[in-house]
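The values are calculated or read from the model by the stated rules, or taken from the named source; none is laboratory data. A quick note: this is a predicted structure, and the numbers were derived from the prediction, not measured. No Cβ is skipped: glycine too gets one built from the backbone with ideal geometry, and neighbour counts run over all protein chains shown. Accessible surface is based on the protein model in full, side chains and every heavy atom, while ligands, DNA and RNA are left aside. Shrake-Rupley method; radii C 1.70, N 1.55, O 1.52, S 1.80 Å.
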Amino acid sequence: MISAVVFDVGETLVDETREYGTWADWLGVPRHTFSAVFGAIIATGLDYREAFHVFRPGFDLDRERQARVVAGQPETYGEDDLYPDARPALAKLQSLGVWVGIVGNQTVRSGRILRSLELPTDFIATSDDWGVAKPAPEFFTKIVEIAPCPAHEIVYVGDRIDNDVSPAKQAGMRTAYIQRGPWGWILRDKPEVAERSDWVIHELTELPEIVARENNPSAEQ
């Protein structure tokens, strides 16, 4: 039984192309160059923030975020940055009676933006709201505490094995790995993807079909 589906944000619901492009601009490097270094960092298994240090040693992401706000260039996104399948998938899941949540490693500002989009969800929170970030077990424990069902009836959807699939699986949830974005494509062939994902998907609109099959297995007969 699947009673709840909870989504990561970046590269799951939100296309971060614009966000990282503006970071390249802030650092004063060509966007293509920044993207190439970003991908190389991910491929080596390092924290993505190391990409910033390549261009500016000692880079402090939190401090630079605040500097961008002061400069009138804050990180932002909107409806146009949502993946086209995001809103339809969320709405369809709700129509099936599934509790839908969005909880990712995001700032308070990002949380406000998500809520302003009025997405068809039952719950939205960010790591900054909670004071704990993925992949900490406490982050996923809070999801289980808030969702209206036990952990084994929750599916957590994300594009990363380290931050999404593995810790969600350890918390007792089922997992869906979406193959898109830098992590989704670069790390797609790692054995952990097959080992720790209940499903590997390419579109969020596959999720309602998965829910329907799991919750009504006799319908296929």
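Structure remark: mean-square fluctuation, Gaussian network model of the chain, C-alpha springs under 10 Å; the largest value among P135, P88, P57 belongs to P57. Altogether, the Stokes-Einstein calculation at 25 °C and 0.890 mPa s, with the Kirkwood radius of region 74-146 over Cα pairs as Rh, returns a diffusion coefficient of 187 µm²/s. Can you tell which of F55, F38, F140 shows the greatest fluctuation in a Gaussian network model of the chain with Cα springs below 10 Å? Of F55, F38, F140, the Gaussian network model singles out F55 as fluctuating most. Using θ = phi - 60° in the Karplus curve 6.51 cos²θ - 1.76 cosθ + 1.60, the 3J(HN,Hα) couplings for region 182-188 round to x, 5, x, 8, 5, 9, 4 Hz; x is entered for Gly and Pro. Taking every C-alpha pair closer than 8 Å and separated by at least 6 residues, the mean separation divided by the residue count of the chain gives a relative contact order of 25 percent. With the gyration tensor restricted to C-alpha atoms of the chain, the semi-axes of the equivalent ellipsoid amount to 30, 19, 16 Å, longest first.
In square angstrom, what is the accessible area per residue of the chain with a 1.4 angstrom probe?
Values: 10440 Å² over 221 residues.
Value returned for the chain: 47 Å² of accessible area per residue.
FRET efficiency for the pair D25 and R188, taken as 1/(1 + (r/R0)^6) with r the Cβ-Cβ distance and R0 = 25 Å, rounds to 0.30.
Comparing G131, G21, G101 in a Gaussian network model of the chain where C-alpha atoms under 10 Å apart are linked, the largest mean-square fluctuation is found at G131. Based only on the alpha carbon positions, what is the Kirkwood hydrodynamic radius of region 152-217, in angstrom? This gives a value of 11.9 Å.
When you count the other C-beta atoms within 10 angstrom of each residue and take the mean per peptide, 178-186, 121-129, 155-163, 26-34 line up highest first as 155-163, 178-186, 121-129, 26-34.
Proximity of backbone amide H atoms, modeled 1.01 Å from N, is registered between F7 and G101, I102, V103, V157 at under 5 Å, excluding neighbours fewer than 5 places apart on the same chain. Computed about the Cα centre, the dipole magnitude for region 140-221 is approximately 200 debye when only Lys and Arg (+1) and Asp and Glu (-1) carry charge, each at its Cβ. Taking the square roots of five times each eigenvalue of the Cα gyration tensor of region 53-101, the equivalent ellipsoid has semi-axes of 36, 13, 11 Å, listed largest first. Per-residue accessible area (protein heavy atoms, 1.4 Å probe) orders I146, I42 as I146, I42, starting from the largest.
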